[in-house]
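K.L.:
I am attaching a structure below and will ask some questions about it afterwards.
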Amino acid sequence: MADFLVLFSDPVSAGYRMVEALTAQHAADVMKLISPEALVSVVPAEQLSVIDRHQLVADWIRLSQG
């Protein structure tokens with residue numbers, strides 16, 4: 001299993017969760033079980049060291065709500 005950052009946006013909220021899953025698609029499916037209406041985007045955890053997480057989340061929320 002690997003760790004993934006799953007960004008989500010649904011009619012009620014937006015944000016992110018760290019999810020342990022087999023693949024990126026599996027991580028997205030896990031989030032869809034929690035929030036079926038959510039738009040999701042998945043980033044492998046190993047890529048997070050070179051990405052500004054706060055900026056990534058802010059951009060995701062702005063784009064998904066906009």
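Bear in mind that the values in this text are calculations on the coordinates, not laboratory data. On a predicted model such as this, the values are computed, not experimentally measured, just so you know. All Cβ positions, glycine included, derive from the backbone under ideal geometry; neighbour counts span all protein chains shown.
K.L.:
Which of the GluC sites (Glu not before Pro) found in the chain are loop residues per DSSP with 12 or fewer other Cβ atoms within 10 Å of their Cβ?
P.N.:
Glu37
K.L.:
Still on this structure: What net charge is computed for the residues neighbouring Val6, neighbours being all others with C-beta under 11 Å from the C-beta of Val6, Lys and Arg scored +1, Asp and Glu -1?
P.N.:
-1
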